[in-house]
Amino acid sequence: MPRTTIFLDWRQFLYSQTKKIYPILDTSNATFGAYTVEFKQVKNLLIKPTDRDIAVKEFLTSQIRALIKESFELIKNYCYETKQVSKFKAEPWYQFARMIRNCLSHNFKFEFKKHDKKSFTCLLENSKN
């Protein structure tokens, strides 16, 4: 039996849910100690299609960044806990992944220290093989 893939554009889904979402956002909030965040602000951001598209794109981008950063950190922590750090650091992709993680975590800039430059040079040399 052939598989059918259903692709639903996020915009279509969001537009189809508008009547359900807006009343909930109008009346909901979250309180953190003395601070209260009203979700009306989110509703106002979602009303205009151009603002909504930008907000959703930024949200998705932040989730991709978090996935990359947190995946690296989880693997690193696991390796420290299981005493496999040397195996982790010996992986051919380790330096590249570490530098990408650092870039995403620090103002989206690559900042190389002496040992980073050496590692990066080795990474480039290994990619030629």
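Quick note: the coordinates plus some simple rules give every number you see, no bench work behind them. Here the structure is a predicted model, which is why all the values come from computation and not from measurement. Glycine gets a Cβ as well: all are built from the backbone with ideal geometry, and neighbour counts include every protein chain shown.
Some observations on this one:
- All alpha carbon pair distances within segment 55-98 were sorted into 5 Å bins beginning at 0; the resulting P(r) in whole percents reads 5, 22, 22, 20, 11, 9, 7, 4, 0.
- In this structure, the pairs whose alpha-carbon distance is over 24 Å, taken from LYS19/LYS57; LYS83/LYS109; LYS57/LYS113, are LYS83/LYS109; LYS57/LYS113.
- In nm, spacing of pseudo-spin labels at LYS114 and LYS40 (7 Å Cα→C-beta vector): 5.9
- On the beta carbon distance between SER28 and ALA66, with R0 = 35 Å, the FRET formula returns roughly 0.90.
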